[in-house]
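If you scroll down you'll find the structure; I have some questions about it.
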Amino acid sequence: MNDRKILVTRSSMPPLEEYVEEIAPIWESHWLTNMGAEHRQLESDLKRYLGVENVALFVNGHSALECVLEAMGLRGKVITTPYSFASTTHAIVRKGLTPVFADIKPDDYTLDPERIESLVDEETCAILPVHVYGNLCDVEAIQDIADRHGLKVIYDAAHAFGVRRDGVSAAAYGDASMFSFHATKVFNTIEGGAVCFRDPRLKDRLDQWKNFGITGEETVEFVGGNAKMNEFCAAMGICNLRHLDEEIAKRRLVAERYRSRLEGRAGIKLCLPQPGVAQNYAYFPVVFEDSFGATRDEVFDSLGRRGVFARKYFFPLISDYDCYKDRFDSSETPVAREIASRVLTLPMFADLDMSDVDMICSTILAQGRS
Ligand SMILES: *Cc1c(COP(=O)(O)O)cnc(C)c1O
């Protein structure tokens, strides 16, 4: 046994010299935060990369999501998925809104449009779907439901940075999309996030909200928070964005290697590529069905013994968290519950060695029946 560990993710970093060059001007200006030159530069770089008109940067994705829910003035119920990270539902609840959980699709694990409409009532104000693992939601069907009922659509696009369908980026759908630039995401600013949005009038509101509701030198018009991205994080983003396409191309090779070793094996279910979608290969989820012959937890443990740290992501379901389980019943979203009990996301990052991918796959397959 050696004690080398393979973690589920490894943050992308630019060459050190490139970062140093990017932050050198900060030593001249002494401008460390509050929407300085790096902040403005990253905002415009992102507009270009994502092909959108409106972007506001934040200290993290979660604050961005809370902020956009508040800035849109939403009240009442929000239909969302329990198959996500804590942030999605927490943002709804922390903004005084009521989450209503709809089930997910068994193929790509995004919100199932057919489960949404029966949950809409006169108190419903919005739909908050998640592009899980970078799989694009059924954006047309969701928009159609929203239009018929006068609902806003806010995407949790934390997993979907860089994803495009027929050349259109994930940022273009719905009324707004939240991206996370956390260290573990495909594109990172160490900690950070952004909202892309359709209505340009939201821009001032979002920027003021992240700076205490200050609207002028001597005016504070509303009770905002503090959620500004600082100059060092913005500089990290500027550098990482230059290398992003290269990073995604490397992740693609890792994903293809996993696929070539695991696809078609009895009891192993992988996400299928979506038609017309250029993926970002953010995660590599594997679902273990009964016919595999070993449970998800057994596979997780066997990988752990080899120093491989896969993740049970997403498990538990949000509706089963201690803070929510008395209010919700996860048996109402059986597909989500089933996937959560069977899924494992495998190590996935640009510099993962192919020999490690092979070792991970052999370890998994050795647990199976065939
Ligand atoms: C990472 C993540 C978030 C939160 O983003 P932070 O930048 O960490 O605040 C929200 N939703 C999902 C699905 C995520 O994966």
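Please list, ordered by chain and number, the residues whose modelled amide H lies under 5 Å from the amide H of V220; skip anything fewer than 5 residues away on the same chain.
T215
A further question follows. Evaluate E = 1/(1 + (r/R0)^6) for F309 and L270, where r is the Cβ-Cβ distance and R0 equals 35 Å; express this FRET efficiency to the nearest 0.05. Could the numbers behind the result be given before it?
Values: r = 20 Å, r/R0 = 0.57.
Once the sixth-power term is evaluated, E becomes 0.95.
Work out, step by step, the length gained on full extension between E140 and R40: first 0.36 nm times the residue separation, then minus their alpha carbon distance; give nm to one decimal. Walk me through the numbers on the way to the answer.
Numbers: separation 100, 0.36 × 100 = 36.00 nm, distance 3.23 nm.
Using 0.36 nm per residue and subtracting the Cα-Cα distance, I get 32.8 nm.
When the convex hull of the C-alpha atoms of the stretch 84-147 is computed, what volume per residue in Å³ does it have? Provide the component values of the computation, followed by the final result.
Details: hull volume 5.4 nm³, N = 64.
Expressed per residue, the convex hull around the Cα atoms of the stretch 84-147 is 85 Å³.
Can you list residues whose amide H is under 5 Å from F284's amide H, if they're 5+ apart or on another chain and H is modeled 1.01 Å from N?
So F284 has HN proximity to L346.
If you don't mind, there's one more thing I want to ask. Toward the positive end of the charge dipole of the chain, about the Cα centre and with charges on Cβ (Lys, Arg +1; Asp, Glu -1), which of V55, V220, V120 goes farthest?
Sorting the options by dipole projection puts first V120.
Can you work out D for the stretch 16-242 in µm² s⁻¹ from Stokes-Einstein, where Rh is the Kirkwood radius over C-alpha pairs, the temperature is 4 °C and the viscosity is 1.567 mPa s? Let's see the in-between values first.
Values: Rh = 17.9 Å.
Rounded to a whole number, D works out at 72 µm²/s.
Moving on to the next point. Can you tell me how much longer the chain between S29 and E114 gets when fully stretched, taken as 0.36 nm per residue apart minus their C-alpha distance, in nm with one decimal?
Details: separation 85, 0.36 × 85 = 30.60 nm, distance 5.40 nm.
Extra length available between S29 and E114 comes to 25.2 nm.
While we're on this one: In debye, nearest 20: dipole of the stretch 244-367 around its Cα centre with unit charges on the Cβ of K, R (+) and D, E (-)? Before the final figure, lay out each step's value.
Values: 17 positive and 20 negative charges, 40 e Å.
Here the size comes out at about 200 debye.
Just to be sure I understand: with springs between alpha-carbon atoms less than 10 Å apart, which residue in T33, T110, T124 has the highest mean-square fluctuation in the Gaussian network model of the chain?
Result: T33 has the largest fluctuation of those listed.
Given charges of +1 on the Cβ of Lys and Arg and -1 on the Cβ of Asp and Glu, with all other atoms neutral, how large is the dipole of the chain about its Cα centre, in debye to the nearest 20?
On the way: 42 positive and 56 negative charges, 175 e Å.
The dipole magnitude comes to about 840 debye.
Using a 1.4 angstrom probe, figure out how much accessible area the chain has per residue, in square angstrom, rounded to the nearest whole. Working shown, then result.
Working: 16580 Å² over 370 residues.
The answer is 45 Å² per residue.
Taking the Cα-to-Cβ direction at V20 and at D297 and moving 7 Å from each Cα, how far apart do the two end points lie in nm?
For V20 paired with D297, the spin-label model returns 5.0 nm.
Over all distinct alpha-carbon pairs, what is the Kirkwood Rh of the stretch 244-367 in angstrom? Write down the numbers at each step before the final one.
On the way: mean 1/r = 0.0642 Å⁻¹.
Value: 15.6 Å, from the Cα pair sum.
Based on DSSP, what percent of beta bridges with both residues in the chain are antiparallel, to the nearest 5? Don't skip to the end; give the middle numbers.
Values: 25 of 40 bridges.
Looking only at bridges with both residues in the chain, the antiparallel portion is about 60 percent.
By Kyte-Doolittle mean hydropathy of at least -0.5 and Cα axial length of at least 24 Å, which whole DSSP H helices of the chain are selected? Please report the intermediate quantities before stating the final value.
Details: long enough: 231-262 (43 Å, -0.38).
Length and hydropathy pass: 231-262.
Among V308, S11, G167, which residue has its Cα positioned farthest towards the positive end of the charge dipole of the chain, with +1 placed on the Cβ of Lys and Arg, -1 on the Cβ of Asp and Glu, and the dipole taken about the Cα centre?
Value: V308.
Then there's this: Once you sort the root eigenvalues of the Cα gyration tensor of the stretch 127-268 as a ≥ b ≥ c, which label holds: rounded (a/c under 1.5), prolate (a/b larger than b/c) or oblate (the other case)?
On the way: a/c = 2.83, a/b = 1.46, b/c = 1.94.
Because a/c hits 1.5 or more and a/b fails to exceed b/c, the stretch 127-268 counts as oblate.
While we're looking at this one, here's another question. If the limit is 23 Å between Cα atoms, which of K105/K152; K77/K228; K152/K269; K105/K203 go over it? It would help to have the intermediate numbers written out before the result.
Numbers: K105/K152 21 Å; K77/K228 28 Å; K152/K269 33 Å; K105/K203 34 Å.
Beyond 23 Å between Cα atoms: K77/K228; K152/K269; K105/K203.
Tell me the carbon and sulfur percent of the accessible area for the stretch 279-333, rounded to whole percent, probe radius 1.4 Å. Kindly include the intermediate steps, with their values, before the conclusion.
Numbers: 1170 of 2650 Å².
Its accessible area is 44 percent carbon and sulfur atoms.
If the elastic network links every pair of Cα atoms under 10 Å, which of A227, A255, A266 fluctuates the most in the Gaussian network model of the chain?
A266
Measure out, as a whole number of angstrom, how far apart the alpha-carbon centroids of the stretch 149-166 and the stretch 295-370 sit.
Cα centroid of the stretch 149-166 versus Cα centroid of the stretch 295-370: 25 Å apart.
The values are calculated or read from the model by the stated rules, or taken from the named source; none is laboratory data. Quantities reported herein were computed from a predicted structural model and do not represent experimental measurements. Here the Cβ is made from the backbone with ideal geometry for all residues, glycine too, and neighbour counts use every protein chain on show. Please note that ligands, DNA and RNA were not included when accessible areas were found on the heavy atoms of the full protein model with its side chains. Shrake-Rupley method; radii C 1.70, N 1.55, O 1.52, S 1.80 Å.
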